[in-house]
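> Before I ask anything, here is the structure I am working with.
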Amino acid sequence: MKAFFVDALTSALDLGIATPEDLLRHVTPDVLAANLPRPLWARLLTACVGASRVDAQLVVETLGVSNLCEHMPAAVIWSCVAEVGQRSLGDAATAAPAIVTRPAAKAAATPLSITSPPAPDPVKTPASPPPAVRGPSIPAPGTSSDTDEDRAPLRARTPTRQPFRATSTGIGRLANTTSSRRPQAQAPAPAPVTLDPTTERPVRRGETVVEAEVEVETPAREDWRNALAVEDEQLVDWSSSEETLTAAGDDPTFRKR
Amino acid sequence: MMESGLEHSIFQPSDVLAHATPDVLATHLPPELLSKVLQASLASGSMTPDRVLETVTPDLLAKHLPHDVLWACIAAAAARSGVSTS
């Protein structure tokens, strides 16, 4: 702020817009006495005593605009700047400040009032259509089958997680019963799995996927599988009944196999 | 003493300001006095020792300025007049 005052007053003095008398009209001797440091007072008195003429110019030149702006109250400096501005701009200066200050606060209201008239008309017209637009965007809950099929391709990314859910939680079955669930679980897992029961291994829908992964990932562990081969027989017994399957899904040991 | 010396022209206002320099005045005078000095100078267009002492009277000088400064002024005047041996 002080730098601004320095620039404003310096340029005003240089351009003749303001005079030292203008400055001293606000920066009175009383103001100087109250705010000017003693060393600057000493400089001023020294200059005044040795000068043939003591005037505002001498005071301003001796003290310097920067010192005045530095030590004088900002309100005093601003009053000087404001007076110079109003005087240099004439009537426009007096009118402009009033308009500028108040409109600044009303600025927000003015644009709103201007924009509001056109906006309401178009907004009301489309207001009725929006509900129809929302129907299609929201359809997921209303038309679950259509949207699910449409979004099925998007779910293609998730298949990697499906095996985990199918084996561990068996959410795929629940998904079949409750269509509200999203397509991911329904599309891949249920259809092939329910049809497999002919082989009496419907439960292994998930297993097929899991086993394939296991085989690919652990080809070198055949020895480990051979060691488990004995247990596979037991697994076949469990798979024959659904109860065993559900239990197997919850049993962590079954997963490992 | 200051008032008497000025009244009897033992020393002049300029002699006073030779000791009560602007630095001394600026350091010891209260702000209101500094303001009055400046106002008087701006009003008259000059800051002469006489005008300064019209504002800062000998009483005020004795009240606000260090006494050794004032005494130096008196002693110098005495020396000039040949009263003092130094």
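The values are calculated or read from the model by the stated rules, or taken from the named source; none is laboratory data. Being a predicted model, the structure only gives us computed values, none of them experimental. Here Cβ is always computed from backbone atoms with ideal geometry, including for glycine, and neighbour counts include all displayed protein chains. Ligands, DNA and RNA are stripped out before the accessible areas are found, and what is left, the full protein with its side chains, is counted by its heavy atoms. Shrake-Rupley method; radii C 1.70, N 1.55, O 1.52, S 1.80 Å.
> Residue by residue through segment B:45-63, note down the ones that are farther than 17 Å from residue A:49 by Cβ and either touching a residue at least 60 places away in the same chain (Cβ under 8 Å) or within 13 Å of another protein chain (Cβ to nearest Cβ) (or both).
If the condition is that a residue be farther than 17 Å from residue A:49 by Cβ and either touching a residue at least 60 places away in the same chain (Cβ under 8 Å) or within 13 Å of another protein chain (Cβ to nearest Cβ) (or both), then B:62 is the only one that fits.
> Follow-up question, since we're still on this one. It is to be established whether one or more residues within segment B:76-83 are at pLDDT below 90 and in a loop (DSSP other than H, G, I, E, B).
Checked against the condition, which is being at pLDDT below 90 and in a loop (DSSP other than H, G, I, E, B), segment B:76-83 yields at least one hit.
> So, one more: How many of the residues in segment A:27-59 are open to solvent by less than 40 Å² (accessible area, probe 1.4 Å) and assigned to a helix (DSSP H, G or I)?
14
> Further, regarding this structure: In segment A:1-26, what residues are polar (S, T, N, Q) and either assigned to a helix (DSSP H, G or I) or modelled with pLDDT of 95 or more (or both)? Spell out how you get there, then give the answer.
First, the residues of segment A:1-26 that are polar (S, T, N, Q): A:10-11, A:19.
Within segment A:1-26, A:10, A:11 meet the criteria.
> Let me ask you something else. Would you mind finding the one in A:74, A:82, A:93, A:107 that is more than 24 Å from residue B:46 (Cα to Cα), at pLDDT below 55 and either open to solvent by 40 Å² or more (accessible area, probe 1.4 Å) or of a type in the set (Gly, Ala, Ser) (or both)? Talk me through it step by step, then tell me what you get.
On the way: A:74 fails: at pLDDT below 55; A:82 fails: at pLDDT below 55; A:93 fails: at pLDDT below 55.
The match here is A:107.
> To continue, here is another question. What number of residues within segment B:56-86 are under 30 Å from residue A:25 (Cα atoms) and open to solvent by 30 Å² or more (accessible area, probe 1.4 Å)?
3
> Right, here's the next one. Which residues, counting only those in segment B:1-41, are part of a loop (DSSP other than H, G, I, E, B), hydrophobic (A, V, I, L, M, F, W, C) and free of Cβ contacts under 8 Å to residues at least 40 places away in the same chain? I'd like the intermediate steps shown before the answer.
The first filter runs over segment B:1-41 and keeps only residues part of a loop (DSSP other than H, G, I, E, B), leaving B:1, B:8-12, B:20-21, B:29-30.
Filter once more, so that each one left must be hydrophobic (A, V, I, L, M, F, W, C): B:1, B:10-11, B:20, B:29.
Once the filter is applied, which keeps residues that are part of a loop (DSSP other than H, G, I, E, B), hydrophobic (A, V, I, L, M, F, W, C) and free of Cβ contacts under 8 Å to residues at least 40 places away in the same chain, segment B:1-41 yields only B:29.
> Would you confirm whether or not segment B:23-41 contains a residue that is among the charged types (D, E, K, R) and within 14 Å of residue A:47 (Cα to Cα)? Can you show your working first?
Within segment B:23-41, the subset among the charged types (D, E, K, R) is B:23, B:32, B:36.
Filter again for within 14 Å of residue A:47 (Cα to Cα), leaving B:23.
Yes; the residues of segment B:23-41 include at least one that is among the charged types (D, E, K, R) and within 14 Å of residue A:47 (Cα to Cα).
> Being more than 13 Å from chain A (Cβ to nearest Cβ), surrounded by 15 or more Cβ atoms within 10 Å (Cβ to Cβ) and within 19 Å of residue A:46 (Cβ to Cβ): is that true of residue B:6 here? Explain how you work it out, then say what you get.
Numbers: more than 13 Å from chain A (Cβ to nearest Cβ): yes; surrounded by 15 or more Cβ atoms within 10 Å (Cβ to Cβ): yes; within 19 Å of residue A:46 (Cβ to Cβ): no.
So residue B:6 does not fit the description; no.
> OK, next. So for segment B:29-42 (the condition being touching a Cys at 6+ places or on another chain (Cβ under 8 Å) and closer than 30 Å to residue A:37 by Cβ), does at least one residue qualify? So that I can check it myself, show each step before the final result.
The initial filter retains those residues of segment B:29-42 that are touching a Cys at 6+ places or on another chain (Cβ under 8 Å), namely B:38, B:41.
If we keep only those that are closer than 30 Å to residue A:37 by Cβ as well, we get B:38, B:41.
Yes, because at least one residue in segment B:29-42 is touching a Cys at 6+ places or on another chain (Cβ under 8 Å) and closer than 30 Å to residue A:37 by Cβ.
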